[in-house]
Structures are given as C-alpha cells and as structure tokens.
Amino acid sequence: QVGEFLAGCEEHVNPYRPARLALCPMAADAEISDVSTSDTAREGDFVILWGSYTQIFGIVLKHGEIANNRFGNFHHDEIIGRHFGSRVRSRRGGLWLALLRPSPEFITQSLTHRTQIVYHADISLLRALLDARPGHIICEAGTGSGSVSASLSRALRPNGKLYTFEFHEERQKQAMADFSTYGVLDVVVSQHRDVCNHGFGEELKGQVHGVFLDLPAPWAAVPHVTKCLVFGGKVVAFSPCVEQVDKTATELRRSGYFDVRMLETLATNWGVKRQDATKKKRRTEGTTGTTAAQEAEEEEPKDVPKTSGTGEQWLSYQMPIRSHTGYLLVATRAPDGD
C-alpha cells in the first residue's frame, strides 16, 4: 500500500515523466514516437540501429524488408519482436547493431541531410533560450532537414505546438513525411511559406512564445516576428556569418527589442579507451649510446596512467566534433511603447 501511495504521489507531481527510462544514455531526452509504449519493436515502428557514435541508422520496420549498411544486411523480420536494448546481428559476417528507441539526438545523427543541419550542441542552447516547454507555441522559419523540429517537438509535449515554415516546396513535403515517420504530427504543423515576404499568418498574431530563425537573411523576417510574438517572447536567430548577426542585431534594436546578445557554442567530446602497453624493443647499444632500456622508456608515454601489473594503458582522445558552426543571436520583445 505504501508503494502504491508513493507511486501515485510521483505521478501527481510529474505527470509527464516517461513510464520507462531510455535504454541508452544518449536517449535521455526520451523517445519520440509511440514506440515507447512497448518493450519490443513492432512492424511500422521507427527505430534506431546503433553501431557507433558516428554510425547511427533510423529505419521503419516492415515485414520482408532488409536494412543494408556497412555492418551487413539486417532483416526486418528478425528485428520485429526483439526487445529494445538488445543486439541484432547480420546474417553474414557476425557484426551486430544495438536496437534502440528513437530520440531527438538519434534523429539528428541519422536523418537525411537535405540542407546543412543544426546539431545538439546548439539545439540544447536554443531550446533553453526559447523557453521551449509543454503548452508553449514556437515558430520555426527554415525547416530544412528537420533536425531542430524533432527536438522542439519533444520539448513542447504535451499541449504545445510547433509551427515550422519552409520556403522550398519539395523540402517541405519531404520534412512532412519525416514528421509522420517520427510520430510528431500531433505537435508539428508544417507549412510551405516564405516568411520573409508573407509572414507567419494572421492566426498566429500575438500568440507565439518564441521564434527560431534559420534563414539566409533573418533581419528581413523581424517585422513579421514582432507581429506574432507575445510581450517578453524570445527570438533566436542561427547564422554562420558574423555579418548576418550584425544586420539582424541592428534590425532588432531598431524594432525595440532589448537584451540583444550573441552566443557561440563550442563543444568538444572526449572518450577513453584501453590500449595495450607499448612493446619494448630489444636492441643492443647503438652508435648513439642509448641502451635498450632507455629506448623502451622513451617509447612509453609519460602522461598516460597504467594499471599496475596488467600491462594495460588507458588513453583519452578527442572525438569528432559534429556541429554546424554558427552564432546564436537572442533578443526579447518589449511591450509596445517601451
């Protein structure tokens, strides 16, 4: 009875807490689609096959289909019914991939690049700047490949809405199909529109809590942002060039925005791996006058800790940086007349 009471209190305090923790630390941002309601993969589910930090594949399970990648051929019929977190093996070669639930970060790392994308080093910051949370309404100008959209849609659940606009009609249709695959159409409203010339629509006038601009000329959209943004709402613009930042900041200040700031995210990931001890060379004293013991001592790194008696070394190394380098410009809309 006590356990039931505590569980009820926990559910009351945080009704949005996922029923189960993600099976991988990288999926801590929680799952995207309704695949989280089951412990096993089902036909029609969008799932992740994880091979390494740089080899992540997103597939929709269908009977009779085969997923081909550098690790081998993975038959969907052998994946359907497997538990998330388990290994799925290729029929030939013996290589395996981990079967995981989708998360915003996994989607960013596995999606098809129709444009250059924003990675989570910047997405995590812009989500905080926009105050993206359940119940809020966010507008995104420049859907692109849908990397930011997938993350914002998760942050806005439940009762929130993401209105994302793409001026390229074919890209908008492809993004719409991806959102259907991810299972986020209850949150995401995708439209084909040039917001710099036509704005965000009359239905959003004075209703939006935050606007994200990923455009070649974000300063051209500022007048339309002002019409839809609530007082105190944030606008965040992502620009790769400082000249774009300068023009946008000038337009924001002219339009009465305050607290205009520019931020840059620089993320460096480090890993640790085990490496066998360097083999000592057995050589006689040469012309240089060094002995074999001296040569062996010179070969071994001085700054690498080694476990005593095991002959093993632990090395730290810098992992690849996958981030679209750019600047985040943030400003707050002031009330009219201030």
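Carbon and sulfur: what percent of segment 103-165's accessible surface (1.4 Å probe)?
Exposed carbon and sulfur together represent 44 percent of the surface.
Which Cα, out of Ser151, Thr115, Pro102, lies furthest along the positive dipole direction of segment 71-167 (beta carbon charges, K/R +1, D/E -1)?
So the residue furthest toward the plus end is Pro102.
May I ask you to derive the FRET efficiency for His63 and Ser86 from their Cβ-Cβ distance with R0 = 25 Å, giving the value to the nearest 0.05?
0.85
How large is the translational diffusion coefficient of segment 59-131 in µm² per second when you combine the Kirkwood radius over alpha carbon pairs with Stokes-Einstein at 25 °C and 0.890 mPa s?
169
Longer than 20 Å from Cα to Cα, which of Lys173/Lys205; Lys173/Lys247; Lys161/Lys205; Lys161/Lys234 are they? Say none if no pair is.
Correct reply: Lys173/Lys205; Lys173/Lys247.
Rounded, prolate or oblate, given the Cα gyration tensor of segment 187-240, with a/c below 1.5 counting as rounded?
rounded
What does the extension gain come out to for Lys273 and Met319, with contour length at 0.36 nm per residue minus their alpha carbon separation?
15.4 nm
Over segment 154-262, give the accessible area per residue in Å² for a 1.4 Å probe, as an integer.
47
At 7 Å along the Cα-to-beta-carbon direction for both Asn73 and Tyr53, put a label point, then send me their distance in nm to one decimal.
Between Asn73 and Tyr53, the label points sit 3.3 nm apart.
Provide the descending list of Cα extents for segment 164-265 along its principal axes, expressed in whole angstroms.
Taking max minus min along each principal axis of the Cα atoms, segment 164-265 gives 39, 29, 26 Å.
The values are calculated or read from the model by the stated rules, or taken from the named source; none is laboratory data. Because the structure is predicted, anything quoted here is derived from the model rather than measured. Here Cβ is always computed from backbone atoms with ideal geometry, including for glycine, and neighbour counts include all displayed protein chains. Quick note on the areas: whole protein, heavy atoms, side chains included, nothing else; ligands and nucleic acids left out. Shrake-Rupley method; radii C 1.70, N 1.55, O 1.52, S 1.80 Å.
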